[in-house]
Structures are given as C-alpha cells and as structure tokens.
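The values are calculated or read from the model by the stated rules, or taken from the named source; none is laboratory data. This is a predicted model, so every value here is computed, not measured. Cβ sites come from the backbone with ideal geometry, for glycine too, and all protein chains shown count toward neighbours.
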Amino acid sequence: MPAEDSSDGSGGTATGMVPNQLAMLVPTFNPATDSVDMWTQKVEMLVLAWPENKIQELATRLVLGCQGTAFQKLQLHRSEVLANDPKCIQKIVEIVGGIWGQVPLEQKFELAERALYRTQQESDETSDSYLARMDVTWTELLAKKLSLSELQAYVTLRSSRLSSEDKKRVIVESGAETGG
C-alpha cells in the first residue's frame, strides 16, 4: 500500500512546504523602478499570512527577489537576515530602505511629502499617466483624513531650519504622534 501524502488542499503539504499560491505572492524589488514604501507594505501584509515556522524561506525569497544595490546590501548582511525569526523580515525591510511598522502620523506625512514634493511628471510621460499617478497619491492622502491644519504643520516644520532632533522634539512635545 503506497504512503499517503498529507495535503492541506492549497498546493502544499501540511508537513512541508509553503503553499504555491502564497509563495507566488512574494514581491520583487528593483530600487531603480519600484517604490520601497509599496514593497514594504506588501511584505508587511505577506508576513502576517506566512507560516511562522517557514519565515526563513520567506526571507530567502525576499532576498533573492531583490535586484541591484538592494540585493548587494542584503548579501552583506545575509547572516543577520536568513534565520527563522520574524525580526529578520523587519531587518530586510530596513536594510533595503523601508520603514517597518510606521506609525499613522509617519504614513500621513510620507504621503504628503510624495503629493507635494516628490511626484513630478516625467519627460516621457503622458499627461494622462501623470494625472492618474497624482490622483492615486491624493486619494491615498485624503483616505488618511489629513486635515488642512495637519498639512500646514507638516509644510511649516519641513520648511523650517530646525535640526532633525529639534523637529522630533516639536512633534513629541505637541503630542502630534499620539493624535494630540
């Protein structure tokens, strides 16, 4: 009588591998073309669904999915990032340049930064494409319910000549990071 393979019904086996459907969702990252913030969000979501005992496999797939300087940086730290510990995934994101677990205030201001200062029409980009990108950026910003007074505070603080430590102090003392 042949040995039975215990299947979990999702393409993998209950005892062995990560289901193929989940493994195909591992995002790739090219620093020349991809947004590190979008990649980070995908990784944060994926790690929640990934089997806890297979984190090293996720880490390996993430490293191999990176290109260029991101891959080179991760190679330098491979002993730190290739272990079966969820903190390794956080370390991968930080090495690539993302910010793991941004607080809501940081997410709002990152979107404001992109909407106001970083999104520009490329020389070879159509107006429709540019307008679509700006629409996505502003829709994301509005979905975070950023008020005009918060936007004013952000622009004022960003434009000031305070040191980064002083800027952090202003945010902490005003209670802005806790919604105050």
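Quick notes
Residue by residue, here is whether (1) touching a residue at least 60 places away in the same chain (Cβ under 8 Å); (2) surrounded by 17 or more Cβ atoms within 10 Å (Cβ to Cβ); (3) of a type in the set (Ser, Thr, Tyr) holds:
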| residue | (1), (2), (3) |
| --- | --- |
| Phe29 | yes, yes, no |
| Trp39 | no, yes, no |
| Trp50 | no, yes, no |
| Gln56 | no, no, no |
| Ser79 | no, no, yes |
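- Scan of segment 76-100 for residues that are in contact with a Cys (Cβ under 9 Å, 6 or more places away or on another chain) and either closer than 18 Å to Thr33 by Cα or in a helix (DSSP H, G or I) (or both), ordered by number: Glu80, Val81, Ile92, Val96
- Out of Gln120, Gln152, Gln107, one residue alone is of a type in the set (S, T, N, Q), assigned to a helix (DSSP H, G or I) and loosely packed, with under 11 Cβ neighbours inside 10 Å. It is Gln152.
- If you check Val43, Val26 for being over 25 Å from Phe109 (Cα atoms) and either not assigned by TED's automatic domain parsing to the domain that holds Glu140 or not small (Gly, Ala, Ser) (or both), only one passes: Val26.
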